[in-house]
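Worksheet: the structure to be examined is printed underneath.
The values are calculated or read from the model by the stated rules, or taken from the named source; none is laboratory data. What you see is a predicted model, and the numbers here were worked out from it, not measured in a lab. Heads up, the Cβs are rebuilt from the backbone with ideal geometry, glycines too, and the neighbour counts pull from every protein chain shown.
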Amino acid sequence: MADMRTPLNRVRGLGAARGGTEHFWRQRLTAVSNLPLILFFMGFVMAYSGAPFEEVRAAIASPVVALLIGFAFVSVLYHMRLGMQVIIEDYVHDQGWKVALIILNTFFPIVVGAIALLSLLKIVFGA
């Protein structure tokens, strides 16, 4: 069978990037993990709506609750990053803006996640 690659591609030895499939599956995996985590978080918020601060803090201080809320933060922020990356790559055509937005898209979830997890830890440990 004839090699259908261009001469430049044969010299470089480059094939498919294979990054799209991994990105696709990561986005689907985070979507699946978000479903029970967000349902738990919404149920928790509804159950403790209007409760005194100390009661809510005691409930969040439970290791299982704190862990599930922490997982929800991380999963939602990572899913958001993946989705925004696709939007930026598909709809931003200026290369300079695209690079700047992808950089911001990488660091924004890190900053928000760090603040959220630090706040959760402060509640859990009562600082």
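For residues in the range 15-50 being in contact with a helix residue (DSSP H, G or I) (Cβ under 9 Å, 6 or more places away or on another chain) and in a loop (DSSP other than H, G, I, E, B), which is modelled with the lowest pLDDT?
Filtering the range 15-50 for residues that are in contact with a helix residue (DSSP H, G or I) (Cβ under 9 Å, 6 or more places away or on another chain) and in a loop (DSSP other than H, G, I, E, B), the one modelled with the lowest pLDDT comes out as GLY15.
List pairs: first in the range 50-70 and farther than 14 Å from LYS122 by Cα, second aromatic (Phe, Trp, Tyr) and in a helix (DSSP H, G or I), Cβ under 6 Å, 6+ apart or cross-chain?
LEU68/PHE40
Could you please find all residues in the range 89-111 being of a type outside the set (A, V, I, L, M, F, W, C), surrounded by fewer than 12 Cβ atoms within 10 Å (Cβ to Cβ) and in a helix (DSSP H, G or I)?
Those that are of a type outside the set (A, V, I, L, M, F, W, C), surrounded by fewer than 12 Cβ atoms within 10 Å (Cβ to Cβ) and in a helix (DSSP H, G or I): ASP90, TYR91, GLN95, GLY96.
For the range 23-66, give me the residue count where each residue is acidic (Asp, Glu) and surrounded by 14 or more Cβ atoms within 10 Å (Cβ to Cβ). Talk me through it step by step, then tell me what you get.
Of the residues in the range 23-66, the ones acidic (Asp, Glu) are 54-55.
From what is left, the residues that are surrounded by 14 or more Cβ atoms within 10 Å (Cβ to Cβ) are none.
Number satisfying all stated conditions: 0.
Please find, among ALA114, ALA72, the residue that is part of a helix (DSSP H, G or I), surrounded by 16 or more Cβ atoms within 10 Å (Cβ to Cβ) and either touching a Ser or Thr at 6+ places or on another chain (Cβ under 7 Å) or of a type in the set (Gly, Ala, Ser) (or both).
Among ALA114, ALA72, only ALA72 is part of a helix (DSSP H, G or I), surrounded by 16 or more Cβ atoms within 10 Å (Cβ to Cβ) and either touching a Ser or Thr at 6+ places or on another chain (Cβ under 7 Å) or of a type in the set (Gly, Ala, Ser) (or both).
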